[in-house]
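Visitor: Just dropping this structure here.
The values are calculated or read from the model by the stated rules, or taken from the named source; none is laboratory data. This is a predicted model, so every value here is computed, not measured. Cβ: placed from backbone, ideal geometry, glycine included. Neighbour counts: every protein chain shown.
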Amino acid sequence: MTAQSVKTPDAPAPAKLLEMHRAMVLIRRFEEAVRVLATAGAVPGLVHLCAGQEATNVGVIAALEPRDAIASHHRGHGHCLARGAPVDGLMAEILGKETGMCGGRSGSMHVIDLERNNLGTNGIVGGGIPLAAGAALSARARGSDAASVCFFGDGALNQGLLHECMNMAAIWKLAVVFVCENNGYGEFTAIDDVTAGPSLLARGEVFGIPSSMVDGMDVRAVHEAARGAVARARAGQGPSFIICNTWRFGGHHVGDKQDYKDDAEARAWRARDPILKSAAQLQDEGHASEADLRAVEHEADALVKRAVEAARAAPEPAPQRLLEHVHG
Ligand SMILES: Cc1ncc(C[n+]2csc(CCOP(=O)(O)OP(=O)(O)O)c2C)c(N)n1
């Protein structure tokens, strides 16, 4: 079977499009609440928000089955939510509370949700890449057709880990989808200032990995690319590389003043808000009325409000239990 002969599954039905929209709205509202909490000093440590990047989170994860694995990065709340993490548990985890998904031990950057095959958010740039490659190798050994996805930022394009894992995944035809969420910056530095070579896609092409670039502000475009890549992975055709061009609406972390960003460019990206685009498409196509879309927002607001209240009221892990789960 050639790489071209795997058919991309059919386009999503209206119910799925609405589900993807709902997931993006939930992420946006969740991140806004985290921003407010972090600004008020309620979140221990640095927190990196993914508002603006919802289409890349949701478009890819909506192409997966429960048996597939994901590995996220430091800007990973959206991946967790898109994968079905409980809103209450995630919020409490970010606030370091005992009721959090990981008992308040992981915080924002190391949330692990094995129940949903989420190998975790990750504070190491590129750290999720070998985890996803390992999950694909494990699936092969178990005779499963499960695929795995690693998400990473453009900053990871220059990490040795990526190149090593791409090479190995290509040689062994591992069922991995490498997803770069290219938001143009690594911390406070524009990607063009630190990235050599004529083309970002060449990072995958040099290993013979089918590589494509999509509009990361368009959930449907991302979803289509991901469906194709997952289909290839399941068919035993090996890895794919997708670069989603996107934009983080906020700073590198909450509190970053973003002096390094050009205002006009930021405005232009904001005008391409993936949620506004999805809402307009759903309305134009008659899949959702304005009232339906409003209801989606209210539902997200209610979930997030409840999660914030519960997380704020929850206890911190008791000091005498802090050494639980520590191995060594
Ligand atoms: C191996 C490693 N090097 C450096 C850092 C410090 N660091 C944290 S986030 C970051 C930038 C990452 O940029 P990118 O991958 O583009 O993701 P973005 O923050 O833009 O989403 C850096 C350098 C780190 N956490 N891990």
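Visitor: Restricting region 120-153 to residues that are crowded, with 23+ Cβ neighbours inside 10 Å and in a loop (DSSP other than H, G, I, E, B), which is nearest to the ligand (Cβ to nearest atom)?
Guide: Gly127
Visitor: Residues of region 101-119 being farther than 20 Å from Glu65 by Cβ and either in a helix (DSSP H, G or I) or within 16 Å of the ligand (Cβ to nearest atom) (or both), which ones?
Guide: Ser106, Gly107, Ser108, Met109, His110, Val111, listed by residue number.
Visitor: When Leu161 is evaluated against the numbered criteria (1) surrounded by 17 or more Cβ atoms within 10 Å (Cβ to Cβ); (2) over 30 Å from Asp262 (Cα atoms); (3) away from the ligand (no atom under 11 Å from the Cβ), which criterion, by number, is the only one it fails?
Guide: Result: Leu161 fails condition (3) only.
Visitor: Now for a different question. Limited to region 279-321, what total is found for residues that are farther than 29 Å from Leu95 by Cα and either assigned to a loop (DSSP other than H, G, I, E, B) or among the hydroxyl-bearing types (Ser, Thr, Tyr) (or both)?
Guide: Going through region 279-321 one residue at a time, the tally reaches 5.
Visitor: Within region 19-52, count every residue that is of a type in the set (Asp, Glu) and within 18 Å of Gly153 (Cβ to Cβ).
Guide: Qualifying residue count for the region: 1.
Visitor: Still on this structure: How many of the residues making up region 4-25 are assigned to a loop (DSSP other than H, G, I, E, B), out of contact with any His (no Cβ under 7 Å at 6 or more places or on another chain) and surrounded by 12 or more Cβ atoms within 10 Å (Cβ to Cβ)?
Guide: So the answer is 3.
Visitor: While we're here: Exactly one condition in (1) within 16 Å of the ligand (Cβ to nearest atom); (2) modelled with pLDDT under 95 is not met by His253; state its number.
Guide: (2)
Visitor: Checking Asn182 against (1) touching a Phe, Trp or Tyr at 6+ places or on another chain (Cβ under 8 Å); (2) under 19 Å from Val214 (Cα atoms), which test does it fail?
Guide: All conditions pass for Asn182, except number (1).
Visitor: Also, quick follow-up: Quick check: anything in region 42-65 of a type outside the set (Val, Ile, Thr), buried (at least 24 other Cβ atoms within 10 Å of the Cβ), more than 15 Å from the ligand (Cβ to nearest atom) and not in a helix (DSSP H, G or I)?
Guide: Yes: one or more hits.
Visitor: In region 144-151, is there at least one residue being more than 12 Å from Ser72 (Cβ to Cβ) and of a type in the set (A, V, I, L, M)?
Guide: Yes - at least one qualifying residue is present in region 144-151.
Visitor: If I filter region 87-98 for residues that are modelled with pLDDT of 95 or more and within 16 Å of the ligand (Cβ to nearest atom), do I get at least one hit? Show your work before the answer.
Guide: Filtering region 87-98 for residues modelled with pLDDT of 95 or more gives 87-98.
Filter once more, so that each one left must be within 16 Å of the ligand (Cβ to nearest atom): none.
Within region 87-98, none of the residues are modelled with pLDDT of 95 or more and within 16 Å of the ligand (Cβ to nearest atom).
Visitor: From Glu309, Glu265, which residue is within 23 Å of Met213 (Cα to Cα) and of a type outside the set (Gly, Ala, Ser)?
Guide: None of the others qualify; the one that does is Glu265.
Visitor: Residue check: is Ala156 on the phi < 0 side of the Ramachandran plot, crowded, with 19+ Cβ neighbours inside 10 Å and within 16 Å of the ligand (Cβ to nearest atom)?
Guide: yes
Visitor: Could you look through region 173-189, keep only residues that are of a type outside the set (Phe, Trp, Tyr) and more than 10 Å from the ligand (Cβ to nearest atom), and pick out the one that is farthest from Lys257 (Cα to Cα)?
Guide: Applying the filter and picking the extreme gives Lys173.
Visitor: Go through (1) part of a helix (DSSP H, G or I); (2) surrounded by fewer than 24 Cβ atoms within 10 Å (Cβ to Cβ); (3) free of Cβ contacts under 8 Å to residues at least 60 places away in the same chain for Cys80 and report which single condition fails.
Guide: (2)
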